[in-house]
Amino acid sequence: MSRSVPVMAIHGGAGTPDRARLTPEMQKAYLEALQEALKIGCSVLDNGGFADDAVVEAVKSLEDCPLFNAGRGSVFNHEGRHEMDACYASGRLRNTGAVAGVCRVRNPILLARRVAETTPHVFLAGAGAQAFADASGLPQMPDSWFFTEHRHLQWQEARAAEEIWLDHGERKMGTVGAVARDIFGHLAAATSTGGMTNKKFGRVGDTPVYGAGTFAEDDLCAVSCTGHGEYFIRHVVAHDVAAHVRLLRMPLSEAAWKVVYGNLMAHGGEGGLIAVGPLGSPVLVFNCPGMFRAWRDEEGNIFAAIF
Ligand code: ASP
């Protein structure tokens, strides 16, 4: 059996990073956290592991890092809680699992994977998803674990202004995601988020919606998105990239550019995506000033960047 070259990409959100707040020290901290997550994912691939495990391990590491809007660093909702969404997609198993609006769960991506692997369902939300989390035995953490000073300040400001913010008022988004191809050629994607600061009424973005924020199919592509979720749902972004590849036989990079800079942008949808296909290096595209990202290409080179 011919072996594939394992490659991987991860993101820590796209948008308009506040250059004033992003001091050289902060940039270093973000880039180090991204590189660390990439390293964790790549070591799974290099040891002959599946892309499924690589993406979950990388996202788990980013969920544990308070810098990103997922897991530990999740933003506050209107009620001052952290409601998290996540989706796991395995091309190998052609299966996906997602959760929306869960609280206290340390690693929502593990819960999403549980949905895929232990239930006949795909997507659990709200009180039911919470009950599933409580019964899962996966680690849960007290509110203090999810408390970060700057997120709390953002929430207070957003509440005072009666606004709903994508992570920061300056529109930096901190959702995390990963895509990978393993040595067997299998593809996988995982995405996790705390959503929008001050969100109300059980708002759910694109992250856990299969086909909008996350997608994986072997021999086609695996995609993880980040950006203004409402637009990504309306434009079914992750699946639209796959459709361009499948139906128009477009190279993955061209498909990704067309989708991110096409209708999505024309309608005001800001953000980006990372993707991998059966061949070639990862594709990373965004239509806004920055996307926190890191990737390993086909030659084994490692890259990390914000702008
Ligand atoms: N897409 C996420 C959401 O709308 C936000 C983000 O990517 O930062 O919930």
**Complete:** Log entry, pairs with first residue in the stretch 135-150 being within 17 Å of A112 (Cα to Cα), second being among the acidic types (D, E), beta carbons closer than 9 Å, six or more apart or on different chains, reads Q140/D134
**Message:** I need a count of the residues in the stretch 23-48 that are surrounded by fewer than 19 Cβ atoms within 10 Å (Cβ to Cβ), touching a residue at least 40 places away in the same chain (Cβ under 8 Å) and over 16 Å from N301 (Cα atoms).
**Reply:** 2
**Scope the stretch 2-22; condition free of Cβ contacts under 8 Å to residues at least 12 places away in the same chain and among the hydrophobic types (A, V, I, L, M, F, W, C); matching residues** = A20
**Message:** Can you confirm whether V122 is surrounded by fewer than 18 Cβ atoms within 10 Å (Cβ to Cβ), closer than 29 Å to A188 by Cβ and in contact (Cβ under 8 Å) with a residue 60 or more places away in the chain?
**Reply:** yes
**Fill in**
Over the stretch 49-75, the set of residues open to solvent by 10 Å² or more (accessible area, probe 1.4 Å) and within 16 Å of the ligand (Cβ to nearest atom) is C65, P66, L67, R72
**Request:** Would you be able to tell me the number of residues in the stretch 1-20 that are away from the ligand (no atom under 16 Å from the Cβ) and surrounded by fewer than 15 Cβ atoms within 10 Å (Cβ to Cβ)?
**Result:** 5
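Tell me the strands (runs of 3 or more DSSP E) entirely within the stretch 223-307 that contain at least 1 residues that are open to solvent by 10 Å² or more (accessible area, probe 1.4 Å). Please lay out each step first, then the result.
Values: elements: 271-276, 283-286, 290-296, 302-305.
Fully inside the stretch 223-307 and qualifying: 283-286, 290-296, 302-305.
Taking only the stretch 81-105 into account, find how many residues are surrounded by fewer than 22 Cβ atoms within 10 Å (Cβ to Cβ) and in contact with a Phe, Trp or Tyr (Cβ under 7 Å, 6 or more places away or on another chain). Can you show your working first?
Keep residues of the stretch 81-105 that are surrounded by fewer than 22 Cβ atoms within 10 Å (Cβ to Cβ), which gives 81, 92-95, 103-104.
Adding the requirement that they be in contact with a Phe, Trp or Tyr (Cβ under 7 Å, 6 or more places away or on another chain) leaves 92.
So the answer is 1.
With the requirement that a residue be among the basic types (K, R) and part of a helix (DSSP H, G or I), what does the stretch 16-59 give you? Don't jump to the end; show me each part of the working.
Looking only at the stretch 16-59, we keep the residues that are among the basic types (K, R), and these are 19, 21, 28, 39.
K28, K39 - these are the residues of the stretch 16-59 that are among the basic types (K, R) and part of a helix (DSSP H, G or I).
F76: in contact with a strand residue (DSSP E or B) (Cβ under 7 Å, 6 or more places away or on another chain) and assigned to a helix (DSSP H, G or I), yes or no? Please lay out each step first, then the result.
Values: in contact with a strand residue (DSSP E or B) (Cβ under 7 Å, 6 or more places away or on another chain): yes; assigned to a helix (DSSP H, G or I): no.
So F76 fails the test.
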**Asked** So which pairs qualify, if the first residue must be in the stretch 216-228 and closer than 19 Å to G194 by Cα, the second must be open to solvent by 10 Å² or more (accessible area, probe 1.4 Å), the Cβ gap must be under 7 Å, and the two must be at least 6 apart or on different chains?
**Response** T226/T175; G227/E270; H228/L166; H228/E270
**Prompt:** Are any of the residues in the stretch 158-166 in contact (Cβ under 8 Å) with a residue 40 or more places away in the chain, outside any loop (DSSP other than H, G, I, E, B) and open to solvent by 40 Å² or more (accessible area, probe 1.4 Å)?
**Reply:** yes
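Return the residues of the stretch 193-222 that are within 13 Å of the ligand (Cβ to nearest atom), assigned to a strand (DSSP E or B) and in contact with a Gly (Cβ under 7 Å, 6 or more places away or on another chain); say none if nothing qualifies. If you could, list the steps in order and put the result at the bottom.
Going residue by residue through the stretch 193-222, those that are within 13 Å of the ligand (Cβ to nearest atom) are 193-199, 202-209, 212-214.
Now narrow it down to the ones that are assigned to a strand (DSSP E or B): 193, 197, 214.
Of everything in the stretch 193-222, just one residue is within 13 Å of the ligand (Cβ to nearest atom), assigned to a strand (DSSP E or B) and in contact with a Gly (Cβ under 7 Å, 6 or more places away or on another chain), namely T193.
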**Prompt:** Got a sec? Which of G213, G177 is surrounded by 22 or more Cβ atoms within 10 Å (Cβ to Cβ) and touching an Asp or Glu at 6+ places or on another chain (Cβ under 8 Å)?
**Reply:** G213
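Is it the case that R114 is farther than 30 Å from A160 by Cα, open to solvent by 10 Å² or more (accessible area, probe 1.4 Å) and in contact (Cβ under 8 Å) with a residue 60 or more places away in the chain? Steps first, please.
Details: farther than 30 Å from A160 by Cα: yes; open to solvent by 10 Å² or more (accessible area, probe 1.4 Å): yes; in contact (Cβ under 8 Å) with a residue 60 or more places away in the chain: no.
In short, no.
The values are calculated or read from the model by the stated rules, or taken from the named source; none is laboratory data. If you're wondering where the values come from, they're calculated on a predicted model, not measured in any experiment. Ideal geometry is used to build each Cβ from the backbone, glycine not excepted, and the neighbour counts take in all protein chains shown. Note: accessible area is taken over every heavy atom of the protein model, side chains too, but ligands, DNA and RNA are not part of it. Shrake-Rupley method; radii C 1.70, N 1.55, O 1.52, S 1.80 Å.
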